[in-house]
Amino acid sequence: MNMVKQPLANVRGGLSVSSARKVRDFLDENFSRKLAIAEVAAVCGLSSYHFVRAFSRTFGTPPHQYILDLRLDFAEKLLAESSLTIADIAHLSGFSSQSHFTTMMKKYRHVTPLRVRLNKLISKTR
């Protein structure tokens with residue numbers, strides 16, 4: 001259920017292709033830790049203000065939502081493929097708590113972590 005969007009090339013006011021690649025690679029490696037916009041903006045040498053505008057134009061979503069989608073995608077993969085506890089998955093995915101993780105899953109994926117895990121178990125037995 002990959003929700004992360006691919007960058008659009010040559011969008012007016014967006015990131016350059018190389019900056020988009022650098023930022024995407026940086027976020028792929030660091031999404032599970034606390035990130036400041038200034039830190040991510042520094043990857044491509046922009047101010048926070050210009051970075052947020054350019055990132056949003058390039059990826060079609062603000063940086064915060066992009067990072068949240070990376071975290072949720074990773075968490076869903078762990079729910080399906082591991083026997084880690086939901087609390088451990090929340091922590092590994094970069095959420096502050098199991099409660100926050102559950103809230104974000106319900107809000108953006110319309111399902112609870114437990115339901116994702118149960119659905120995967122049910123589909124494996126069929």
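What follows is calculated from the coordinates using simple rules that are stated; it is not laboratory data. Since this is a predicted model, take the numbers as computed values, not measurements. Every residue, glycine as well, gets a Cβ built from its backbone with ideal geometry; the counts of neighbours run over all protein chains shown.
The table that follows gives values for the structure above.
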| item | result |
| --- | --- |
| Odd one out for L79, checked against (1) assigned to a loop (DSSP other than H, G, I, E, B); (2) in contact with a Lys or Arg (Cβ under 8 Å, 6 or more places away or on another chain) | (1) |
| Total residues in the stretch 85-119, condition outside any helix (DSSP H, G or I) and free of Cβ contacts under 8 Å to residues at least 12 places away in the same chain | 6 |
| Whichever residue in the stretch 61-104 is β-branched (V, I, T) and within 18 Å of K120 (Cα to Cα) and, among such residues, is surrounded by the most Cβ atoms within 10 Å (Cβ to Cβ) | I89 |
| Single match in E29, E39 (criterion: charged (D, E, K, R), closer than 20 Å to G14 by Cα and assigned to a helix (DSSP H, G or I)) | E39 |
